[in-house]
Structures are given as structure tokens and as C-alpha cells.
Amino acid sequence: MPVIGSKELVAWLPTLLRSKSVNFPEIAYPTYRVGAILAGASEAAVAISPEHWPPADLTWVNSPANPTGRVHSDQEYLSAIEWARANNSILVSDECYLEFGDSSTPTSILQYANGNNQNILAVHSLSKRSSMAGYRGAFLIGDKDLIARIREVRKHAGMMVPLPIQKAMTIALSDETHVAEQRARYNARRAKLVPALKAAGFQVEYSNAGLYIWCTRKESDWDSVSWLANLGILATPGNFYGDLGKSHIRIAMTATDLQITEAAARIITAIKG
């Protein structure tokens, strides 16, 4: 089902499904939590392993993850599916960065459903895959009965994707060449920035897929942000993504190649004094 933007879907899916409780990763895109708030649902930030997840009507997983770039293992997906089926929870996998693997190759949760997509949905976005953020083009795939429920509500709530945007999405999804080029571009930028950050004392964690570098210098995230800002480099404080991110920062590799090269040079110059 085509949808107007993955952000919009994340924000409104608990409302569309009338969810009363929502689980989401403990370090995560903040819109998962906002979606629970909009729905008036109880919320829980949970670890990767479902061992201690509370019961929930809807549970989000995200791989490659924003902000960490972490990629789920086969067993992590299988455990999440097993938990969802045992608890009759809708399991939604946010896979907006799926095509952007680097040292790890991301996979879709649907590969582990054994042909049974009941209560499982996956979200994909052309904003990332094809740099079409302004088009607000995304789509939902998985349990046909859940998608039918959402379509029935959407007939009244609106938010249908205009046909010209759907046509553009079809063309973009029919081509893999531009995706491979963009993946190589992001990975080259990561390869340029990571050594400079490590030389400056940052420890890079995960960051093996997606568009971001997740790193820490074991100090306040704001101190790290300020240090980079004094060099003319903007980063996002990790606390935006949960309490566990307070000593981390997220660096997006969405600047130009030239700007990334300049940022790495500024870091190296700063630590050399």
C-alpha cells in the first residue's frame, strides 16, 4: 500500500490501528514515541531482545537503525516474530534504510516470516532509497488483512498518495543503479569520516549500515556537539533518541562529498593543534 511518507505513517499508524500500547527500541527515531502519544497509547522503550518486552498491541523494530546504523541478526528477527505471535502483537519493521548496507548487509523481516505475514508489516521509503524526500513517497507491505483495515480507515482519514507521485515511485523502484551509486557514495563518506573521528577520540559504535555515524567520546553529547560546532560541523545530540544516547552523537552523511572531506580535514587539523 503506498503511503504519504514513512514519517507520517510512523506517526499515525498506532492511531489507524487503534493501538492501546506501543513498544519501540530504546535508542530510536523519536517519532515512534510521538506516534504512541498521538494515539493516547501507553509506551515502552525496549531492548533488542524481546525477553523482557511488555505486552503491546504494536511493536516497532528498526534495521538498519536510526540513529545507530545497527543491523538486526537473523536470530533477532526470528525472536521478535516468535514473541509477536505468542503475544498477538502487531510487529512493524521500519526498513527505510534497507538498501544502504556497508560492513553488514541488511535483510527484511519478511524473509523470516516463513511465508506467513500475519500481524507483520514492513515500512519502506523512497525518501532514503532514492533521495525523494520531498515527494513523500513510501509504502507498506505485509499482512493483507492489516493493510485492508488501514485502507478502510484511510478512506475517511485521507492521506492517499497522489497518482503522479505513485508513478514516480514506480519508476524509482524499477531502477537499482541509482541506489547502488548512492550506497557507494554514503559508504565512501563513512570511510572518510570515521578515521578522523577516531583520531579525535571518538569510539564509533555499530554504524555498519544506513546514513549515519553513531559515536561517543564518553562525555556529554552536548559537549561533543559543541566541540564539533566550534569547527563548523553540525551533529545531533544522542539524547534526542533516548536516555541511553546521552553520551553519543549522530553524524549524518548527507552533506556533499566536498563538505565531508572538509569536515574530516577540520577534525584532523583541530587535534593536531
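Read-outs throughout are calculated quantities, based only on the coordinates presented, and are distinct from any laboratory measurement. Small disclaimer: the values here were computed from a predicted structure and weren't measured. No Cβ is skipped: glycine too gets one built from the backbone with ideal geometry, and neighbour counts run over all protein chains shown.
Assorted remarks:
- A straight line joining the Cα centroids of region 143-201 and region 80-133 runs 12 Å.
- In this structure, the pairs whose alpha-carbon distance is over 30 Å, taken from 7/198; 128/155; 167/192; 7/272, are 7/198; 167/192; 7/272.
- Our coupling estimate for region 9-21, obtained by passing each phi through the Karplus curve with A = 6.51, B = -1.76, C = 1.60 and θ = phi - 60°, is 5, 4, 5, 10, 4, x, 5, 4, 9, 6, 6, 9, 8 Hz, Gly and Pro reported as x.
- 0 to 90° range, to nearest 10: angle between helix 144-157 axis and the chain longest Cα axis: 90
- Backbone phi angles across region 205-216, fed through the Karplus curve with coefficients 6.51, -1.76 and 1.60 (θ = phi - 60°), yield HN-Hα couplings of 10, 6, 6, 9, 6, x, 10, 10, 10, 10, 8, 8 Hz in residue order; Gly and Pro are listed as x.
- Unit charges on C-beta of K, R, D, E only; dipole of the chain, Debye: 600
- Taking the chain as a Gaussian network of alpha-carbon nodes connected by springs under 10 Å, the highest mean-square fluctuation of the residues 23, 230, 239 belongs to 230.
- Reach of residue 246 by Cα under 17 Å, taken over aspartates and glutamates that are not fewer than 8 positions away in the same chain: 26, 205, 219, 221, 223
- Label selected from (i) 31; (ii) 26; (iii) 70, the criterion being percent of Cα pairs over 30 Å apart as computed here: (i)
- Residue 105-residue 174 pseudo-label distance in nm [points 7 Å out on the Cα-to-Cβ vector]: 2.7
- Contour minus Cα-Cα distance for residue 220 and residue 20 (0.36 nm per residue): 68.5 nm
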